[in-house]
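The values are calculated or read from the model by the stated rules, or taken from the named source; none is laboratory data. Note that this is a predicted model, so its numbers are computed, not measured. Here Cβ is always computed from backbone atoms with ideal geometry, including for glycine, and neighbour counts include all displayed protein chains. Surface accessibility is based on the protein's heavy atoms, side chains included, excluding ligands, DNA and RNA. Shrake-Rupley method; radii C 1.70, N 1.55, O 1.52, S 1.80 Å.
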Amino acid sequence: MTLDLDHATMQRLGRLVADHVATHLSTLREQRLFKAIPRSQAEPLIYTPPPAQGESFETLLGFLQERVFPHHTPEPHPGFLGYVQSCPTFPAVLGDWLATGYNFFGGAWAVASGPAMLEVTVLEWFRQWIGMPEGTGGLLTSGGSTANLMALVAARHRVVGEDAGRLPRVTVYTSDQAHSSLIRAAWIAGIPRPNIRVLPSDDSFRLRPDLLRAAIHTDRQAGLIPLGVLATSGTVNTGATDPLPELAAYCRDQDLWLHVDGAYGGFAALTSRGRDALEGLGLADSVTLDPHKWLYVPFECGSLLLREPQRLRDAFEILPDYLRDLGTTGGEVNFADYGEQLSRYSRALKVWLCVQSFGTEAIGQAIDGGIGRAELAERLVRKSDRLELLSAARLGICTFRLHPKGVDDPAALDQLNLKALEQVNANGHFFISTTRIRGALALRICSCGFRTTDDDIRRLMGEIEAAAP
Ligand SMILES: *Cc1c(COP(=O)(O)O)cnc(C)c1O
């Protein structure tokens, strides 16, 4: 049996898949948001030994449709409000099919200059949207976690270089609202774990510059080497943005690296409300943005932009003999020199197709819709006498809890809200999550997807209120 399929067969199979995905995406609203099944059920359902002989594609698609696909929670569903959802447009999905259909090698200009130029193009768009200076560059990554890591490695290289003896004294600073991936990035980058300063945030869940200055002063006195500040624009808990203009001025003055994790929130720069909320983002030394969140492209797609992209090359470029003929002379970019991946696919295609298909106006309106729906949720919470607001709506996120009159014991309130969450999620129309806000268990909604409507938010709030005993 040849591995090379003929044209008619490829066409037939491709159409089967296209039809299948189109049906899935156009019937999302009717689908229930399923819960996971335990391994004890999944294994007999799905595991088979690897076959010696092949099976027909139709049979295999049937197997997947029956046994695999039903057991997932569809993020692009209008009721998926639990985490920052990935809600890709269809052209973006097709972008991935094209990228893998051609199987471009995204690591070196010499073998895929067209796709490499497309990556340069979309990164240049991002730069303009968030207001970073000309000359900014970077790369598309698997996600925000990787982008945060690449930024930290570049920042570490700037202060440590070849002198590994300095590393034990290096410190970084962030707030208690920072995403876990920032902390893990610091671990992987070799910053000693006790040297990661996690500072308490202010009443609006923002990094406190006064505490930051004090901590850095103390550390310098102790002979430590502050490397930089890991700030956030759009925290996952509450959508808060740290005071970036003030942090940027301070970091410049102190020769510190300012990294801003805008993984989910950064693309709100395509809206006027978002630009206000993200003030100062363009002043950072490096910025993480996740197109697979608020730019409506499918997993996986993050990105990292650096004011001085050369710093990524300083940290990552390595030229083994067999790659020496891939050098660049006129501004061509070998993305393999800017990060940890050599073989990488072209994530630029899905980003480009998404933005080109709809334009920045329509995408900006969709993002603004998400910001507005969280604000609607906040208004409904404020109106209700059974609900209590825990953090105001910011960048599409709102947190609150059930707080019926007469129930004030913190543990009882946590219990009650956990129950409500389970009930709402069991109904199958919505998927919401919890977080902790100042110690209290909070219900959290994030309304970034473009299929969710205002009516969905009203219905969800009704379900939550009805869940209280
Ligand atoms: C999602 C997110 C991350 C992690 O990004 P991945 O793409 O999941 O790796 C980091 N920071 C923030 C603020 C996020 O929202």
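Listed values, structure above:
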read-out	value
Debye, to nearest 20: dipole size of the chain, +1 on Lys, Arg Cβ, -1 on Asp, Glu Cβ	940 debye
Region 95-355: relative contact order in percent, alpha carbon pairs under 8 Å with at least 6 residues between	31 percent
Accessible area expressed per residue, region 359-466, with surrounding protein chains retained (probe 1.4 Å, Å²)	42 Å²
Rounded if a/c under 1.5, otherwise prolate or oblate - region 74-181, Cα gyration tensor axes	oblate
Per residue accessible area of region 95-355, 1.4 Å probe, in Å²	39 Å²
Built amide H within the under 5 Å cut-off of Leu390, gap 5+	Thr399, Phe400, Arg401
Binned Cα-Cα distance frequencies in the chain - 20 Å width, integer %	22, 52, 25, 1
Overall form of region 391-431 per C-alpha gyration tensor (a/c, 1.5; a/b vs b/c)	oblate
Unit charges at the beta carbon, dipole of region 1-68: most positive-side option, Phe57, Leu28, Leu13	Leu28
Radius ratio Rg over Rh of region 21-133, counting only Cα atoms, Kirkwood formula for Rh	1.07
Unit charges at the beta carbon, dipole of the chain: most positive-side option, Val229, Thr48, Asn417	Asn417
Sum of -39500 (n - 2.57) over DSSP H runs of 4+, divided by residues of the chain (222 nm, nearest 500)	-13500 deg cm²/dmol
DSSP beta bridge pairing in region 95-355, given as percent antiparallel to the nearest 5	35 percent
Size of charge dipole - region 204-311 - debye, nearest 20, with Cβ of Lys, Arg +1 and Asp, Glu -1, no other charges	100 debye
Net charge of neighbours whose Cβ lies under 13 Å from the Cβ of Ser175, counting Lys and Arg as +1 and Asp and Glu as -1	-3
Cα centre as origin, Lys/Arg/Asp/Glu Cβ charges: region 332-410 dipole, Debye	340 debye
For region 340-410 versus region 84-163, the gap between their alpha-carbon centres in whole angstrom	24 Å
Set Lys383/Lys405; Lys293/Lys419; Lys35/Lys293; Lys35/Lys350 screened for pairs whose C-alpha atoms are more than 25 Å apart	Lys293/Lys419; Lys35/Lys350
Antiparallel bridges, percent of DSSP beta bridges restricted to region 189-316 (to nearest 5)	35 percent
Largest-first ellipsoid semi-axes for region 291-392, taking √(5λ) over the Cα gyration tensor eigenvalues, angstrom	43, 17, 11
Value of Rg to Rh for region 95-355 (Rh from inverse mean 1/r over Cα pairs, i.e. Kirkwood)	0.97
Kirkwood-based Rg to Rh ratio, region 221-280, C-alpha trace	1.06
Nearest-0.05 FRET efficiency for Ala440 and Arg12, computed from C-beta distance (R0 41 Å)	0.15
Dipole-positive endmost among Leu94, Leu402, Leu244 within the chain (Cβ charges, Cα centre)	Leu402
For region 416-430, 3J(HN,Hα) per residue [Karplus equation, 6.51 cos²θ - 1.76 cosθ + 1.60, θ = phi - 60°, Hz, x = Gly/Pro]	4, 6, 5, 4, 4, 4, 4, 5, 4, 5, 5, 4, x, 8, 9
